[in-house]
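Following: one structure in structure tokens, then a few remarks.
The values are calculated or read from the model by the stated rules, or taken from the named source; none is laboratory data. Everything numeric in this text was worked out from a predicted model, so none of it was measured. Cβ placement follows ideal geometry from the backbone for every residue including glycine, while neighbour counts extend to all protein chains displayed.
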Amino acid sequence: MSEVPEDLRYSRTHEWARADEDGLITVGITDHAQEQLGDLVFVELPEIGRHCEADEACMVVESVKAASDVYSPVAGEVVEINETLADSPELINKDPYGEGWMIRIRPDDPHALEGLMDAEAYRALVEEA
């Protein structure tokens, strides 16, 4: 079973989101998603300042198997990107919830995470697949 941290929220498209103390939301793909994709070889992140809608494809990850869109779990402005991923996309495979984070968003709605799944609901979604 993939790792599913209790303190995060999850989307049906396998992104995770964490509310940070500064009011921003950090986003990445789940351990389950990176396992399904295999070894990542390229990551395309949005530009800082871009506004993403919830459930909008705003990033791309490419693995040795396939390319896959990554969706923003919340609406908001991208204020930071993990530039390390340009040279080291494999960080997502090694540490999807830590060094493999992808973007930080200033959410339009400070309660946006409430609409996402908790860890228990996400585990159930993965087990159904």
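Structure notes:
- Close pairs (6 angstrom Cβ cut-off, 6 or more residues apart or separate chains): closer than 20 Å to Arg9 by Cβ and in contact (Cβ under 8 Å) with a residue 40 or more places away in the chain in region 25-40, aromatic (Phe, Trp, Tyr) and part of a strand (DSSP E or B) anywhere: Gly28/Trp16; Thr30/Trp16
- Positions within region 1-22 being in contact with a Ser or Thr (Cβ under 8 Å, 6 or more places away or on another chain), over 11 Å from Met117 (Cβ atoms) and at pLDDT 95 or above, in sequence order: Arg18, Asp20
- Checklist (1) part of a loop (DSSP other than H, G, I, E, B); (2) at pLDDT 95 or above applied to Lys65, failing item: (2)
- Meets criteria (polar (S, T, N, Q) and touching a Lys or Arg at 6+ places or on another chain (Cβ under 6 Å)) for Thr30: no
- The residue pairs whose first member lies in region 1-13 and is buried (at least 16 other Cβ atoms within 10 Å of the Cβ), whose second member is among the small types (Gly, Ala, Ser) and not in a loop (DSSP other than H, G, I, E, B), and whose beta carbons are closer than 6 Å, counting only pairs six or more residues apart or on different chains, are Val4/Ala119; Arg9/Ala17.
- Residues satisfying the stated conditions in region 74-109, i.e. over 13 Å from Val27 (Cα atoms), part of a loop (DSSP other than H, G, I, E, B), of a type outside the set (D, E, K, R) and in contact with a Gly (Cβ under 7 Å, 6 or more places away or on another chain): none
Each row is one residue, and each column tells you yes or no for (1) surrounded by 15 or more Cβ atoms within 10 Å (Cβ to Cβ); (2) touching a residue at least 40 places away in the same chain (Cβ under 8 Å); (3) closer than 21 Å to Asp22 by Cα; (4) basic (Lys, Arg).
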site: Glu62; (1), (2), (3), (4): yes, no, no, no
site: Val79; (1), (2), (3), (4): yes, yes, yes, no
site: Asn93; (1), (2), (3), (4): yes, yes, no, no
site: Trp101; (1), (2), (3), (4): yes, yes, yes, no
